[in-house]
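The values are calculated or read from the model by the stated rules, or taken from the named source; none is laboratory data. Only a predicted model underlies this, so the values are computations on that prediction, with no experimental measurement involved. Reconstructed Cβ throughout: ideal geometry from the backbone, glycine too, with neighbour counts over all protein chains shown.
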Amino acid sequence: MRKLLQRALARLSRMLESGPTGNEAVIARLRARGVRIGEGCVIYTESFSTEPYLVTLGDRVAISGGTKFVTHDASVWLMRLERPAVQAFGTITVGSNTFIGENCIVLANAAIGSHCIIGAGSVVRGQIPDNSVVTGNPASVVGRASLLIEMLREGRNTMDTLTLGSEERRERLLRHFGLLQ
């Protein structure tokens, strides 16, 4: 165990010494556009709407690719004849220690609590309480994140492979799933 921890720390140290990573560059660009981003975030999208300065992310938020943040409501288009310049906006907040899966849409006025898991493809609007697992369109709370975490801790397919090189991870996964030839 100690040797595994030492290897993981050495790999992380090398990663930090190598300068800005792709993730750090994405975060820098988003911050320059006005997105408020906490510490330790991992972001695989740059789709933060036309008003990115209305989005706030807490610490250790992970956002998967294809996810979009929409800070405006264009349905006011129906009012164009009576109010030619009308627009409608809303803020978006995401609490700390929250994961947002692939291809989600987070709509204006959404407030996602801390310690949440947003399932892939969900369309999020309104208030999402802390410690929620949310899925669907429209997204709804389907469980508690703390219960899912307990299941993952005991899960057969939960492995500590993040700090492994891609070849070592590939071999371990192929062996684990019985796919080695």
Fill in the blank from the handout: Scanning the range 114-155 for residues that are of a type in the set (S, T, N, Q) and modelled with pLDDT of 95 or more gives S114, S122, Q127, N131, S132, T135
Handout entry: Any chance V94 is farther than 25 Å from A32 by Cβ and buried (at least 18 other Cβ atoms within 10 Å of the Cβ)
Key = no
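Which one is surrounded by the most Cβ atoms within 10 Å (Cβ to Cβ) among residues in the range 123-181 that are polar (S, T, N, Q) and under 30 Å from N109 (Cα atoms)?
Going residue by residue through the range 123-181, those that are polar (S, T, N, Q) are 127, 131-132, 135, 137, 140, 146, 157-158, 161, 163, 166, 181.
Filter again for under 30 Å from N109 (Cα atoms), leaving 127, 131-132, 135, 137, 140, 146.
Details: Q127: 11, N131: 20, S132: 23, T135: 17, N137: 12, S140: 13, S146: 12.
Ranking the qualifying residues of the range 123-181, first place goes to S132.
Report, by residue number, each residue of the range 73-120 that is more than 21 Å from T50 (Cα to Cα), in contact (Cβ under 8 Å) with a residue 12 or more places away in the chain and part of a loop (DSSP other than H, G, I, E, B). Please lay out each step first, then the result.
Going residue by residue through the range 73-120, those that are more than 21 Å from T50 (Cα to Cα) are 81-82, 95-99, 101, 113-120.
When the remaining residues are screened for being in contact (Cβ under 8 Å) with a residue 12 or more places away in the chain, the result is 95-99, 101, 113-120.
If the condition is that a residue be more than 21 Å from T50 (Cα to Cα), in contact (Cβ under 8 Å) with a residue 12 or more places away in the chain and part of a loop (DSSP other than H, G, I, E, B), then G95, S96, N97, T98, G101, G113, S114, H115, C116, G119, A120 are the ones that fit.
How many residues does the range 126-181 hold that are β-branched (V, I, T) and either under 15 Å from N97 (Cβ atoms) or assigned to a helix (DSSP H, G or I) (or both)? Don't jump to the end; show me each part of the working.
Restricting attention to the range 126-181, the residues satisfying the condition of being β-branched (V, I, T) are 128, 133-135, 141-142, 149, 158, 161, 163.
This time we only want the ones that are either under 15 Å from N97 (Cβ atoms) or assigned to a helix (DSSP H, G or I) (or both), so: 128, 133-134, 149.
The total comes to 4.
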